[in-house]
Structure formats: C-alpha cells, structure tokens
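The values are calculated or read from the model by the stated rules, or taken from the named source; none is laboratory data. If you're wondering where the values come from, they're calculated on a predicted model, not measured in any experiment. Cβ placement follows ideal geometry from the backbone for every residue including glycine, while neighbour counts extend to all protein chains displayed. What goes into the accessible areas is simple: the full protein's heavy atoms, side chains included, and nothing from ligands, DNA or RNA. Shrake-Rupley method; radii C 1.70, N 1.55, O 1.52, S 1.80 Å.
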Amino acid sequence: MTDRPQVSSEHHGDHKHRDVNGGWLRPAVFGAMDGLVSNFALIAGMDGGTQSGSKFIVLAGLAGLAAGAFSMAAGEYTSVASQRELARAEIEVERLEIARHPIDEEIELAETYRAKGLDPDLADKVAKQFHTNPDQALDEHVREELGIDPNDLPSPVLAAGSSFVCFAVGAFIPLLPYLLGATTVVPALIMSLTALFAAGAVVSRVTSRSWWYSGLRQLLLGGAAAALTYFVGSLVGPGIG
C-alpha cells in the first residue's frame with residue numbers, strides 16, 4: 001500500500017486566499033468611498049452656495065454624515081438579508097428535490113462532473129459517494145448549481161455594521177477642517193482628495209489593479225463629483241439666499 005502524496009513544505013501554508021464571500025468587503029469599500037465622496041460633494045456644494053465658513057456647512061455636513069450612515073446601513077442590511085433569504089429558499093428547494101428524487105439528482109450531479117471533464121465512470125462514483133450522505137449531497141448540489149457555499153452565506157448584520165462605520169469615517173474627513181475652524185473649502189479639499197487617493201490605493205490591496213491606478217481613479221471621480229456639486233451650489237445658492 002503506497003502512502004498518499006504529501007504537500008511540499010514550500011507550498012504548505014503559503015497558498016491562502018482572501019475572504020471574498022464574507023459580506024463585509026463590498027459594503028466597507030462602498031461605505032467609505034460613498035461617505036467621503038458624498039459628504040465632500042455636499043460640503044463643497046454648500047460652500048459654493050453659502051458664505052464660506054458658515055455654520056450651515058457644518059450642520060449640512062453632520063446631517064449628511066448621520067443620514068448617509070444610517071441609510072447605507074439600512075440599505076445594506078435589507079439587501080444582504082434579502083439575498084440570504086433567497087439563497088436559503090433555493091437551498092430548501094434543492095433539499096426537497098434530493099429527498100423526493102434522489103436517483104435523478106445523483107444522475108444530474110454526475111452529469112455536472114462529466115461536463116467538467118471527469119471520466120464518466122469516475123463522475124458516477126463521485127456523485128454516488130456524495131449521495132450516501134444527504135447533507136453532503138445537498139452542499140455539493142448547492143455549490144454546483146447555485147454557485148454558493150451554503151455554510152458561508154453573507155451576514156446582513158456584518159454588512160450593515162461595516163457600511164455604517166466606514167461611511168461615517170469617510171464622511172467625517174471633509175467635515176473635520178470646518179469643525180477645527182476652517183473658513184474656506186481649501187483644507188477640506190486637500191484632506192478629501194488625499195483621502196480619496198489613499199482609499200483607492202488601499203482598495204488595490206484586494207484587487208488586481210496597481211495602487212496608483214486605483215488611487216488616481218478614485219481621486220478623479222471624487223474630485224469631479226465635488227466640483228460639479230460646488231458648481232451647482234454656486235449657481236443655485238445666490239438665487240435662494
């Protein structure tokens with residue numbers, strides 16, 4: 001009897017993937033970016049439409065931070081909870097199908113393996129092996145047919161919390177200079193553009209893009225949003241003042 005081949009020491013422990021399905025990365029990234037861009041644009045618009053350094057700018061910034069953070073958290077919770085409920089409903093459909101038509105489901109699973117290139121006899125054996133345990137069979141069918149891991153569904157609470165915290169942090173950055181006594185939009189502009197570039201660069205750590213590309217892209221998009229909002233504020237503000 002031959003021993004099973006062992007993973008080499010060079011490979012062992014050196015091949016780890018990042019969590020791409022935990023439900024926190026997307027809301028965290030979108031929350032931080034949205035908080036920074038939206039509140040920076042809001043403050044810029046208020047600065048363009050009111051007297052610089054006005055207390056209304058601080059009030060608008062605080063209101064934008066609070067409203068945006070709660071709105072993002074509520075939206076993320078509802079979205080992820082709905083996604084989770086849909087996944088569970090489809091998993092239950094598959095569970096019932098396996099219970100009612102086990103042979104048909106086993107054949108279906110074997111055909112999936114054949115389509116992936118497995119030898120027909122091996123595909124039959126693998127499918128039969130999974131179907132000796134209904135829970136394992138369910139997990140495998142869900143992975144193959146729905147493309148999800150039934151034991152690792154995203155958490156709505158985690159998504160909502162990540163979105164809330166990151167939005168608030170992002171939205172606080174352009175507001176900070178005014179809280180410290182700034183009377184023009186320039187300090188907020190410098191801090192916000194710097195933070196936008198830094199945030200984009202950080203995101204590149206979990207993507208395939210270079211740090212400078214991600215940072216510059218986020219800086220340009222956020223800067224454009226703020227510039228357009230400032231322009232709208234400067235047009236509308238005097239007319240309603």
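Some observations on this one:
- Residue match in the range 19-30 (condition: under 17 Å from the mean Cα position of the chain (by Cα), at pLDDT 60 or above and not in a helix (DSSP H, G or I)): yes
- Hey, E76 over 14 Å from A168 (Cβ atoms) and in a helix (DSSP H, G or I) or not: no
- For first residues located in the range 117-131 and closer than 15 Å to E144 by Cα, partners that are in a helix (DSSP H, G or I) and open to solvent by 60 Å² or more (accessible area, probe 1.4 Å) and lie 6+ apart or on another chain with Cβ distances below 6 Å form the pairs A123/R114; F130/Q136.
- Of residues in the range 183-228 being without any contact (Cβ under 8 Å) to a residue 60 or more places away in the chain and outside any helix (DSSP H, G or I), the one surrounded by the fewest Cβ atoms within 10 Å (Cβ to Cβ): S208
- Test for V7: is it β-branched (V, I, T), open to solvent by 30 Å² or more (accessible area, probe 1.4 Å), modelled with pLDDT under 95 and under 30 Å from L216 (Cβ atoms): no
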